[in-house]
Amino acid sequence: MKRVTVGLFAAVFVAGVGAGTVIVRTDAQRTTATAKCGTTSNSQLRTTLYFGLAKPKGSVSELEWQMFLHDEVTARFPAGLTVWEAAGQWRGADGVVDHERSKVLLLVHPDTAAAREAIQTVVSRYRKMFDQQSVLWESAEVCSAS
């Protein structure tokens, strides 16, 4: 049973509106997920966030990004994370394809209300701090070995 939460990047970026699904699992669904992962791994969520680096006036510097990563992300997800650089593109409402340097953040975490709230906080703080219309958010169930 694969569950995906996706903030639609093109619609979100252009319109500045969030889209998504809150995942609520029953005990039976948790048991099924555990059975799928076996005894040597755990059912977790893999959340990938895509942060555009362009701002209305300039861009997010590497120092600004590192400070955000330390203060906002690592503070909430100290167990670990992965970040890489990317080049994104999307078609705006005017039909023009725009390009933007981005940072991609990958987190593997328990499927809990606290983790979802922490991710929402990271997204809102980034949007506010760097005057962003959106942050693409996708999550999927994965098996994670300890």
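Computed from the coordinates by the stated procedures, all read-outs in this text should not be read as laboratory data. The structure displayed is predicted, hence computed values, not measured ones. Neighbour counts are summed over all protein chains in view; Cβ atoms, including those assigned to glycine, are modelled from backbone coordinates with ideal geometry.
What is the sum of charges around Leu69, taking Lys and Arg as +1, Asp and Glu as -1, for the other residues whose C-beta is under 14 Å from the C-beta of Leu69?
Numbers: positive: Arg76, Lys103, Arg125; negative: Glu62, Glu64, Asp71, Glu72, Glu85.
Summing Lys/Arg as +1 and Asp/Glu as -1 gives -2.
Just subtract the alpha-carbon distance of Asp94 and Ala145 from 0.36 nm times their residue separation and send over the number in nm, one decimal.
Working: separation 51, 0.36 × 51 = 18.36 nm, distance 4.54 nm.
Additional length available on full extension: 13.8 nm.
Give me the aspartates and glutamates in straight-line cross-link reach of Lys57: C-alpha distance below 17 Å, same-chain residues under 8 apart excluded.
Once the sequence-local aspartates and glutamates are set aside, what remains near Lys57 is Asp98, Glu100, Asp131.
If you plug each phi of the range 103-113 into the Karplus form 6.51 cos²θ - 1.76 cosθ + 1.60 with θ = phi - 60°, what whole-Hz ³J(HN,Hα) values come out, in order, with x for Gly and Pro?
With the stated coefficients, the range 103-113 comes to 10, 10, 10, 10, 10, 10, 8, x, 7, 10, 4 Hz.
Among all the aspartates and glutamates, which ones have a C-alpha under 13 Å from Lys103's C-alpha, if same-chain residues fewer than 8 places away are not counted?
Glu62, Glu64, Glu85
In the neighborhood of Gly92, defined by Cβ-to-Cβ distances under 13 Å, what is the net charge if each Lys or Arg adds +1 and each Asp or Glu adds -1?
Details: positive: Arg91; negative: Asp94, Asp98, Glu100.
Local net charge: -2.
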